[in-house]
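Following this message is one structure expressed as C-alpha cells.
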Amino acid sequence: MKIIAVGWNYIEHNKEMDRSDLPAEPVIFMKPDSALLKSNKPFFLPDFSSEIHYEAEIIVRINRLGKNISEKFAPRYYNEVGIGIDFTARDLQKKQREAGNPWEICKAFDNSAAVSEFLPVEEFGNINNLNFHLDINGQTVQAGNTQHQIFNIDKIIAYISRFFTQIEIHPGAKIGKGFFIDHGSAIVIGETAEIGDNCTIFHNVTIGGTGKHTCKRHPTIGNNVFIGTGATLLGPITVGNNVKIGAECVIVMHDIPSNCTVVGAPGRIVRLNGEKVCIKPEETQEDTGKL
C-alpha cells in the first residue's frame, strides 16, 4: 500500500508558510504503512517534537491500478472519498531543511496519517468542490474547499501515475515455484494470497481483498494458472488448477473450478473440462459443491 500526499496545494497554506512562489507541478511526498492511523484511534504527541502541526485533507482511495493515466480518465481510478489529518513535526522539518537533509522523519513518523472511514464518491457529487473542516474541542481550527486546490484530484492522479505503480507483492503472500510475471507493472498481490506452481500473470493484475474479511481475505490460486492483463480477483476465493483467466476479467467472491477458462466482467466460464459452456462460477458450485 502507498500513502501518497501532496504538499503546498492550497494558495492560503502557501501564504501561511510565507511561500510566494506557487508550485508549477504537484509536490509529492509519501508515508509508509506504519504512518496510518485509523478506526478513530487516538493520536499521541510524540516526544521527539515540540511543534506538531496538523492539516485536514480530503483523501481518495485508489481502487484500481494504472500507469500514465490521462486526467480525463482519472475518475475511473477512485470510487471512495474520506478525510485525513496530515501531522507534521514542524521543528524537525525546519532543522532538516536547514541542513539540506531529507525530512521523512518529520512527515512519515508512526501514526502521522490519520484517516476516516471511506464513503462512496457518488454521495458527494463533485469532489472538486467539497467543503471540509477540522474541529478541536468544539472549535473550528481549519476550513477549506477542494475547489481552492492548485491541482485538483484528477490532475494529481494523472501526475503521480507517471512515476508510481509497479509491482506490490505483500511479504506475507505465498508464491509457488516457477511463478512468472510478464510485463511487470501495476501488480498487486495481497498479504494472505497464495499462488501455486508454474503460474503466469500479466500487468495490471490485482489479487486482492474486498475489505470485508479478516484473517484469510485474499485468493488462493492453484497450479498452472494463467491470468491475463487487467484481471481482478477479490476475496478469499479458490481458483483451481489449469485455469485461464482472460484480460480485464473480474472475479469477486466466487470460486473457480479446475480445468476451465473464464472471461468477462463479471467473469463467466466459457470452457470447462475441454467443452464449450457459458455459465456463472456460482452455478458450478451449486452443482459440485464448494471447492
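The values are calculated or read from the model by the stated rules, or taken from the named source; none is laboratory data. No experiment lies behind these values; they were computed from the predicted model shown. Quick reminder, even Gly has a Cβ in these numbers, built from the backbone with ideal geometry, and neighbours come from all protein chains shown. These accessible areas exclude ligands, DNA and RNA; they are computed on the full protein's heavy atoms, side chains included. Shrake-Rupley method; radii C 1.70, N 1.55, O 1.52, S 1.80 Å.
Quickly run through the range 224-252 and pick out the residues that are assigned to a strand (DSSP E or B), open to solvent by 10 Å² or more (accessible area, probe 1.4 Å) and over 22 Å from E80 (Cβ atoms).
F226, T238, K244
Could you list, in sequence order, the residues of the range 244-265 that are more than 24 Å from T214 (Cα to Cα) and in contact with a strand residue (DSSP E or B) (Cβ under 6 Å, 6 or more places away or on another chain)?
If the condition is that a residue be more than 24 Å from T214 (Cα to Cα) and in contact with a strand residue (DSSP E or B) (Cβ under 6 Å, 6 or more places away or on another chain), then K244, I245, G246, C249, C260, T261, V262, V263, A265 are the ones that fit.
Let me ask something else. Can N101 be described as open to solvent by 40 Å² or more (accessible area, probe 1.4 Å) and under 21 Å from the mean Cα position of the chain (by Cα)?
No, not satisfied.
Testing Y54 on (1) open to solvent by 60 Å² or more (accessible area, probe 1.4 Å); (2) touching a residue at least 40 places away in the same chain (Cβ under 8 Å); (3) more than 23 Å from Y10 (Cα to Cα), one condition comes back false. Which one is that?
(3)
Just one of D154, D91, D110, D86 is more than 29 Å from P236 (Cα to Cα), open to solvent by 50 Å² or more (accessible area, probe 1.4 Å) and either touching a Lys or Arg at 6+ places or on another chain (Cβ under 6 Å) or at pLDDT 95 or above (or both); which is it?
Step by step, each of D154, D91, D110, D86 is checked, and only D110 is more than 29 Å from P236 (Cα to Cα), open to solvent by 50 Å² or more (accessible area, probe 1.4 Å) and either touching a Lys or Arg at 6+ places or on another chain (Cβ under 6 Å) or at pLDDT 95 or above (or both).
Out of everything in the range 134-151 that is among the β-branched types (V, I, T) and buried (at least 18 other Cβ atoms within 10 Å of the Cβ), what residue ends up being nearest to F124 (Cα to Cα)?
Applying the filter and picking the extreme gives T146.
Quick grid of which residues meet (1) more than 23 Å from H13 (Cβ to Cβ); (2) in contact (Cβ under 8 Å) with a residue 24 or more places away in the chain:
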position: D86; (1), (2): no, yes
position: R90; (1), (2): no, yes
position: P102; (1), (2): no, no
position: S112; (1), (2): no, yes
position: I127; (1), (2): no, yes
position: A143; (1), (2): no, no
position: Q149; (1), (2): no, yes
position: F179; (1), (2): yes, no
position: S185; (1), (2): yes, yes
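Tell me which residues, restricted to the range 176-223, are among the polar types (S, T, N, Q) and either closer than 17 Å to S258 by Cα or part of a loop (DSSP other than H, G, I, E, B) (or both).
Once the filter is applied, which keeps residues that are among the polar types (S, T, N, Q) and either closer than 17 Å to S258 by Cα or part of a loop (DSSP other than H, G, I, E, B) (or both), the range 176-223 yields S185, T192, N198, T200, N204, T210, T214, T220, N223.
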